[in-house]
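Chemist: Below you will find the structure I want to go over with you.
The values are calculated or read from the model by the stated rules, or taken from the named source; none is laboratory data. Note that this is a predicted model, so its numbers are computed, not measured. As a convention, Cβ positions derive from the backbone with ideal geometry for all residues, glycine included, and neighbour counts pool all protein chains shown. Surface accessibility is based on the protein's heavy atoms, side chains included, excluding ligands, DNA and RNA. Shrake-Rupley method; radii C 1.70, N 1.55, O 1.52, S 1.80 Å.
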Amino acid sequence: MKVLIVDDSAVVRVRLADLLLEVEGVESVAQAENGQQALELVKSLKPDVAIVDVRMPRRSGIDLLEDVRKSKQTLKVIMLTNYPTPENREKCLSLGADYFFDKSSEIEEVVNVLKYLREDFGDQQKH
């Protein structure tokens, strides 16, 4: 499973990458610091999962989510934010995010989701 982390905070990207590389089945973890850079990586790397911060400079995570869904990319999108307002949650989910988590209290949920998705990806590769 190829994962792309999109966050303007290098500290968050590194912390997440360290956590995710320990998940069995995660082959690679790429990083982008903004939505524009991420869109280019989505096209070139074709990740299975993107973990996206909602608020970033140079294209927000919401803009990136819209672009990815319009392009019919099949990747799973996990929105991870310090702004887990009901409005942000509703907007992200309505635009096609698969998951939405609070960065400050639910970061472990990202690991759990990847473990769950690993089983799905493993099943798909067997067929």
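Chemist: List the pairs whose first member sits in region 81-95 and is within 19 Å of residue 110 (Cα to Cα) and part of a strand (DSSP E or B), whose second member is open to solvent by less than 100 Å² (accessible area, probe 1.4 Å) and of a type in the set (Phe, Trp, Tyr), and whose Cβ atoms are under 9 Å apart, counting only residues at least 6 apart or on separate chains?
Modeler: Close Cβ pairs (under 9 Å, with a partner that is open to solvent by less than 100 Å² (accessible area, probe 1.4 Å) and of a type in the set (Phe, Trp, Tyr)) amount to 81/100; 81/101.
Chemist: Going through region 68-78 one residue at a time, which ones are assigned to a loop (DSSP other than H, G, I, E, B) and open to solvent by less than 40 Å² (accessible area, probe 1.4 Å)?
Modeler: Scanning region 68-78 gives a single hit, 75.
Chemist: Of everything in region 96-117, what is open to solvent by less than 70 Å² (accessible area, probe 1.4 Å) and out of contact with any strand residue (DSSP E or B) (no Cβ under 9 Å at 6 or more places or on another chain)? Give them in sequence order.
Modeler: 111
Chemist: Could you list, in sequence order, the residues of region 50-103 that are closer than 18 Å to residue 20 by Cα and β-branched (Val, Ile, Thr)?
Modeler: 51, 52, 77, 78, 81
Chemist: Could I ask something else about it? Going by the conditions given, is residue 111 over 21 Å from residue 34 (Cβ atoms) and in contact (Cβ under 8 Å) with a residue 12 or more places away in the chain?
Modeler: yes
Chemist: Now for a different question. Checking residue 93 against (1) under 12 Å from residue 4 (Cα atoms); (2) open to solvent by 40 Å² or more (accessible area, probe 1.4 Å), which test does it fail?
Modeler: (1)
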